[in-house]
Structures are given as C-alpha cells and as structure tokens.
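The values are calculated or read from the model by the stated rules, or taken from the named source; none is laboratory data. On a predicted model such as this, the values are computed, not experimentally measured, just so you know. No Cβ is skipped: glycine too gets one built from the backbone with ideal geometry, and neighbour counts run over all protein chains shown.
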Amino acid sequence: MKKIVVLISGSGSNLQAIIDATANDQHCRVVGVLSNRESAYGLERAKKAGIETAVVDHTHFDSRLAFDSALMEQIDAWQADLVVLAGFMRILTDEFVQHFSGRLLNIHPSLLPKYKGTNTHQRALEAGDTEHGCTVHFVSEELDGGAAIIQAATDIEQGDTVDSLIQKVHQLEHQIYPLAVSWFASERITLENNRVFLDGSPLGETGYLYRV
C-alpha cells in the first residue's frame, strides 16, 4: 500500500479528485495533506475525508531552503512513497526535488513541452492554437521540465476565453491526475534516465495521450 502525501496552496480540487479515486484503491491511500497556507480550503477537504493535515507557512522562514527542509521533515514523518503537487504555489529548491526524485509528481496546465511557466491559457489563445490541455509529469530541477507521464487535450473553439479554457482543463486534470497516481501506486510506470515506461514500454516526450 503506497502512502501518498499531497501538497496544496488553495481550494484543492485536484486533491479531491485524488481522494475520491483512491478511497477504495488497494494499492495506495492519501496519508497526509500539507499546505503552506492555513486558509487553504483543501485542508478542509482532507479533514472531511479523515486525512491528517499540516501547515508549514513559508512566511515564517528566512530562506527557501529552510522552508523546504521543514516540508521534507513533515513529508518524511508521514513516510511518503509518493509526493503529489496539486496547486502548490511555491517553487521548490533543487534539494527538495532531489530528495524525492522519482516519486514527485506535478500537473501543468499545458501540453508540455509547450508553455512552461505561467499564463498558459492566454499564451495558447494568443498563439492561435487549435488545442490545449494538461500534462502530469515527474518533477525535475528544470521548471516544468520533468518527464511527461500522461496528457489530455481539449479543442480550442471559437469564442473560448481564458476562463473557459481554465474550466475545460480543470475537468481534464481531475481525470488524468488520479490515473497517473494509480499507475505509480500499482507500479505500472517507472522512471529510467528521465524517461517514463508504462507497463514496460517507453513513452514518448509527451507521455501517454489520454482520450476523453
């Protein structure tokens, strides 16, 4: 039974999707939810599900490394097999990423390697793209540069706005993030030399394409 720790900063909608999907999963369970903000609604979601929570407020630390060290201490206390970033709005140090290398996942609102960083929805619209989506990937020291596990895409239609794309992509996130977690927990995916293998077969640069 793999132990999952989820890091959040806000409402925790992806957290909720993962909690719901793993409630009866024989391979994994969420054992802790950690936030850098005491006001994060995701903490309430966790408490309602009977999951332990903790707050490590980044404003109480003099450096990013000191903050990340406190995060690592709490995550290790929960004996996490997998750490899932679900709307965690802090850039992590290389030391943190290396500590959890191969067991740290993130979801990014673009079809990586397109649009690393922020404002992905606006950038897709401005580029005149015909599709947009999200990517679950392993976290590396390079921002949004870790090996892709799974992607899901949606058409950009005439009249779409940043807000409408946000809603579309959120729906996709809630489908593929729990799936990636399940694959990891059941040992269907492995990471070798920054390349993802699913059921023993190597995936391409963009990972597995999830069809809605």
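Structure above, values below:
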item	result
Top-ranked residue of region 100-143 - restricted to ones that are touching a Leu at 6+ places or on another chain (Cβ under 7 Å) and of a type in the set (Lys, Arg), ranked as nearest to GLN171 (Cα to Cα)	LYS116
All positions within region 188-203 that are without any contact (Cβ under 8 Å) to a residue 12 or more places away in the chain and either in a loop (DSSP other than H, G, I, E, B) or surrounded by 18 or more Cβ atoms within 10 Å (Cβ to Cβ) (or both)	ARG188, ASN193, ASP199, GLY200
Search result, residues across region 79-99 that are under 26 Å from LEU172 (Cα atoms) and either of a type outside the set (Gly, Ala, Ser) or in a helix (DSSP H, G or I) (or both)	ASP81, LEU82, VAL83, VAL84, LEU85, PHE88, MET89, ARG90, ILE91, LEU92, VAL97
Any chance LEU112 is assigned to a loop (DSSP other than H, G, I, E, B) and either closer than 20 Å to VAL5 by Cβ or touching a residue at least 60 places away in the same chain (Cβ under 8 Å) (or both)	yes
Options GLY159, GLY117, GLY204; residue that is on the phi > 0 side of the Ramachandran plot, over 18 Å from the mean Cα position of the chain (by Cα) and not assigned by TED's automatic domain parsing to the domain that holds SER13	GLY159
Close pairs from region 143-156: first in a loop (DSSP other than H, G, I, E, B), partner small (Gly, Ala, Ser), Cβ under 9 Å, at least 6 apart	LEU143/GLY117; ASP144/SER110; ASP144/GLY117; GLY146/SER140; ALA147/SER140; ALA147/GLY207; ILE156/ALA124; ILE156/GLY128
Any hit, region 169-185, residues being assigned to a loop (DSSP other than H, G, I, E, B), over 21 Å from GLN122 (Cβ atoms) and not small (Gly, Ala, Ser)	no
Residue among GLY117, GLY50, GLY42 that is within 27 Å of ASN194 (Cα to Cα) and of a type in the set (Gly, Ala, Ser)	GLY117
Condition broken by ALA124, with the remaining ones in (1) surrounded by 20 or more Cβ atoms within 10 Å (Cβ to Cβ); (2) outside any strand (DSSP E or B); (3) without any contact (Cβ under 8 Å) to a residue 40 or more places away in the chain satisfied	(3)
Per-region count, region 48-69, residues closer than 29 Å to ALA23 by Cβ and assigned to a helix (DSSP H, G or I)	1
Odd one out for VAL56 among (1) free of Cβ contacts under 8 Å to residues at least 24 places away in the same chain; (2) in contact with a Lys or Arg (Cβ under 7 Å, 6 or more places away or on another chain); (3) of a type in the set (A, V, I, L, M, F, W, C)	(2)
Contacts under 6 angstrom Cβ, first residue in region 169-187 being touching a residue at least 12 places away in the same chain (Cβ under 8 Å), partner buried (at least 18 other Cβ atoms within 10 Å of the Cβ) and basic (Lys, Arg), 6 or more apart	ALA185/LYS2
Scan of region 37-78 for residues that are among the polar types (S, T, N, Q) and either crowded, with 16+ Cβ neighbours inside 10 Å or closer than 14 Å to HIS99 by Cβ (or both), ordered by number	THR53, SER69, GLN74
Odd one out for ASP76 among (1) assigned to a loop (DSSP other than H, G, I, E, B); (2) over 18 Å from the mean Cα position of the chain (by Cα); (3) within 21 Å of ALA185 (Cβ to Cβ)	(1)
